Structures are given as structure tokens and as C-alpha cells.
Amino acid sequence: MLTGNMESLHWSCQDVARWIESLGFPQYKACFTENLITGRKLIYVNCIYLPRLGITDFKDMKVICAGVRELLGITETPWSHSIADPRRDSRGLFLEKKSRTGDWADNVTYQQFLDDMRQ
């Protein structure tokens, strides 16, 4: 069962910027709009990616990343995660697939994705 906000996948750059502002970071709105970060791209927003957007304050990065994980209902990969372990949970994999463009990404549901994974 999905627990995150799946509506956020449909957010525009401006919607993401408003959400960033609601987290208490109005100074970073332009970082997200200028880099065309939509709701579909939020799955990639993490502490590795944020400096590329122009966000380098580590405390702010931690809060933004935690907010993204909470919004999308995903968990943080532990630092001790082995490369031999599965890449990530099914929800994270689904969100990565939904981040792409095209008919398949637009139309696939979480249940269809899970069914495809089982095959």
C-alpha cells in the first residue's frame, strides 16, 4: 500500500517551489524552478543532488531530503547498504520509473508495476 502523496507526481516546477517554500526555504524556490524540478523528479532530490541545484547548506539539505522522503513515502537507504542487497524498495523503484516521460510512465499504476516485477 502506498502511503506517500502520489498527487505530488503531477506537480509542476511551480508546485514544487511552493512546497519548498512551505518547508521554510523560500530562498531555494528558484533552484528548483530554474532546474525544472517537477514532482516526477523529486525522487532524485537527495543530499548528493542538491548541491548541483545550488543548495549547499548541509542542515537545509537534510531537512529538504527528509521532506522529500516523507512526501513520497520512501525510506532513506542506510549508509551500510551493501551493493549485494536489492537496489531499493518497490515504492522507490516505482517512483523512479514514474519520473520518466512517455505513455508507459504516464499510465502505469503501482499495482501494475508490482505485477510486472513479479513476472
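The values are calculated or read from the model by the stated rules, or taken from the named source; none is laboratory data. The model shown is predicted, which means the values in this text are computed figures rather than measured ones. Virtual Cβ from ideal backbone geometry, glycine too; neighbours counted across all protein chains shown. Ligands, DNA and RNA are excluded from the accessible area calculation, which covers all protein heavy atoms including side chains. Shrake-Rupley method; radii C 1.70, N 1.55, O 1.52, S 1.80 Å.
Please compute the net charge surrounding residue 111, taking Lys and Arg as +1 and Asp and Glu as -1 over other residues with Cβ under 14 Å from its Cβ. Local charge sum for residue 111: +2. In this simple spin-label approximation, residue 89 and residue 44 carry label points 7 Å from Cα along the Cα→Cβ vector, and these lie 2.3 nm apart.
Counted residue by residue at 0.36 nm each, then reduced by the alpha carbon distance between them, the extension gain from residue 21 to residue 101 reaches 26.2 nm. Partners of residue 98 within straight-line reach, counting lysines whose Cα lies under 19 Å from its Cα and excluding those fewer than 8 residues away in the same chain: 41. Let me check I've understood the local charge: for residue 16, count other residues with C-beta under 12 angstrom from its C-beta, Lys and Arg +1, Asp and Glu -1. What total comes out? With Lys, Arg at +1 and Asp, Glu at -1, the net is +1. Which residues in segment 17-32 have a backbone N closer than 20 Å to a point placed 7 Å from the Cα of residue 52 along the Cα-to-Cβ line? From segment 17-32, the list is 17, 20, 28-32. A 1.4 Å probe, protein heavy atoms only, puts the accessible area of residue 117 near 100 Å². The local environment of residue 52, defined by Cβ-Cβ distances under 15 Å, has a net charge of -2 under the rule Lys, Arg +1 and Asp, Glu -1. At the residue level, residue 101 shows approximately 120 square angstrom of accessible surface with a 1.4 angstrom probe and all protein chains present.
Per-residue 3J(HN,Hα) values for segment 11-21, derived from phi via the Karplus relation 6.51 cos²θ - 1.76 cosθ + 1.60 with θ = phi - 60°, read 5, 7, 4, 5, 5, 4, 4, 5, 5, 4, 4 Hz in sequence order (x marks Gly and Pro).
Accessible surface of segment 19-80, 1.4 Å probe: 55 percent of it comes from carbon and sulfur atoms.
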